[in-house]
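The values are calculated or read from the model by the stated rules, or taken from the named source; none is laboratory data. Owing to the predicted nature of the structure, the values given are computational and were not obtained by experimental measurement. Every residue, glycine among them, receives a Cβ derived from its backbone with ideal geometry; neighbour counts consider all protein chains shown.
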Amino acid sequence: MIQSMTGFGKHVVQLPSKKITIELKSLNSKNLDINARMPSAYREKELQLRKTIADSLVRGKIDFGLYVEITGDEVSSVVNEGVVRQYIKQLRSIADGDDIKLMEMALRLPDALKTEREDIDDSEYKIIQDALEKALEEIIGFRTKEGQVLEKDFTDRISTIKNLLAEVVNMDPDRLATIRERLEKAVADLKTEIDANRFEQELIYYLEKYDITEEKVRLDNHLNYFTETMKSADSNGKKLGFISQEIGREINTIGSKANYAPMQQLVVQMKDELEKIKEQMLNVL
């Protein structure tokens with residue numbers, strides 16, 4: 001079952017004095033790229049949180065946000081009383097003003113407020129981990145639903161290519177007969193005596209150069225392999241990408257050997273379907 005790399009997950013936890021929100025957004029990328037945003041007090045846990053995300057999401061451009069909103073009596077900054085008193089004393093010596101005005105000025109100066117940084121206790125970190133796991137479950141569910149849409153599209157397009165290949169197979173005898181007739185007519189137009197046996201040998205050699213039997217078999221095998229890989233337990237976009245390249249190689253070879261307009265038209269249709277698969281493949285995990 002394939003998964004998309006596009007997804008979104010969110011989980012909110014309300015604690016007595018704060019609200020913690022975990023958000024995850026993902027887009028397609030060749031590798032894993034995690035962009036993390038969180039308050040500085042929580043940075044000590046960043047590597048562990050990144051590892052949890054990497055183990056679950058594997059690949060993609062991931063935006064991870066940990067947001068903390070204080071909803072209770074807890075405060076993150078307090079007045080640095082000693083510093084503020086010194087500022088007021090100095091301001092009073094150089095400027096007139098009442099205490100409230102001097103206080104307003106002092107509070108705008110450096111170090112008037114100090115941030116109380118507290119380490120995250122184990123219970124709060126466990127809550128964050130659980131919230132992250134739930135957000136990951138949500139984004140994986142989102143990716144899976146998107147993957148089902150992609151799988152349906154791929155299945156339809158692979159089926160279309162197989163049907164076009166069946167038309168190529170049915171058309172091949174007429175193609176070879178037309179090429180043979182064209183060559184015989186070209187020789188007849190020369191109006192010269194030729195060795196019939198030698199001409200037949202050369203004709204067979206020439207027709208072998210246009211034989212597409214191997215390409216037809218390999219293309220059919222690649223199409224079946226693509227379908228089998230889609231239905232495997234793990235999503236493997238890179239592997240499907242490699243198979244797509246092999247499918248394209250066989251289609252191109254058939255086109256170059258066709259030398260027959262009706263078959264080349266079928267090849268163009270197969271290429272069109274394959275290009276649409278490749279475009280969507282960029283978003284497969």
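Points to keep in mind about this one:
- Residue match in the stretch 158-176 (condition: out of contact with any helix residue (DSSP H, G or I) (no Cβ under 6 Å at 6 or more places or on another chain) and of a type in the set (Lys, Arg)): no
- The set of residues in the stretch 146-166 being more than 16 Å from Lys276 (Cα to Cα) and either touching a His at 6+ places or on another chain (Cβ under 8 Å) or surrounded by fewer than 16 Cβ atoms within 10 Å (Cβ to Cβ) (or both) consists of Gln148, Asn163, Ala166.
- Test: residue in the stretch 219-226 that is in contact (Cβ under 8 Å) with a residue 40 or more places away in the chain and closer than 18 Å to Gln3 by Cβ: yes
- Filtering the stretch 139-148 for residues that are touching a strand residue (DSSP E or B) at 6+ places or on another chain (Cβ under 9 Å), modelled with pLDDT of 90 or more and among the aromatic types (Phe, Trp, Tyr) leaves a non-empty set.
- Every pair of residues 6+ apart whose Cβ atoms lie under 7 Å, when the first sits in the stretch 131-154 and is under 16 Å from Asp55 (Cα atoms) while the second is small (Gly, Ala, Ser) and in a helix (DSSP H, G or I): Leu136/Ser56; Ile140/Ser56
- Lone qualifier among Ser40, Ser93 - being under 22 Å from Glu124 (Cβ atoms) and polar (S, T, N, Q): Ser40
- Hey, Val68 assigned to a strand (DSSP E or B), more than 17 Å from Glu133 (Cβ to Cβ) and in contact (Cβ under 8 Å) with a residue 40 or more places away in the chain or not: yes
- Residue, nearest to the chain's Cα centre (by Cα), within the stretch 211-255, restricted to residues that are surrounded by 13 or more Cβ atoms within 10 Å (Cβ to Cβ) and of a type in the set (Gly, Ala, Ser): Gly237
- Restricting Leu49, Leu24 to residues that are part of a helix (DSSP H, G or I) and modelled with pLDDT of 90 or more narrows the list to Leu49.
- Among residues of the stretch 204-226 being of a type outside the set (D, E, K, R) and at pLDDT 95 or above, the one that is farthest from Val149 (Cα to Cα) is Val217.
- One residue alone among Asp121, Asp153 is closer than 24 Å to Glu250 by Cβ and of a type in the set (Asp, Glu), and that residue is Asp153.
- Within the option set Arg92, Arg143, being on the phi < 0 side of the Ramachandran plot, buried (at least 18 other Cβ atoms within 10 Å of the Cβ) and of a type in the set (Lys, Arg) holds for one residue only, Arg143.
Here's the yes/no breakdown for (1) in the same structural domain as Asp220 (by TED's automatic domain parsing); (2) in contact with a Ser or Thr (Cβ under 9 Å, 6 or more places away or on another chain); (3) not hydroxyl-bearing (Ser, Thr, Tyr):
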{"residue": "Asp234", "(1), (2), (3)": "yes, no, yes"}
{"residue": "Lys238", "(1), (2), (3)": "yes, no, yes"}
{"residue": "Gly248", "(1), (2), (3)": "yes, no, yes"}
{"residue": "Thr253", "(1), (2), (3)": "yes, no, no"}
{"residue": "Ala258", "(1), (2), (3)": "yes, no, yes"}
{"residue": "Gln264", "(1), (2), (3)": "yes, no, yes"}
{"residue": "Lys271", "(1), (2), (3)": "yes, no, yes"}
{"residue": "Leu274", "(1), (2), (3)": "yes, yes, yes"}
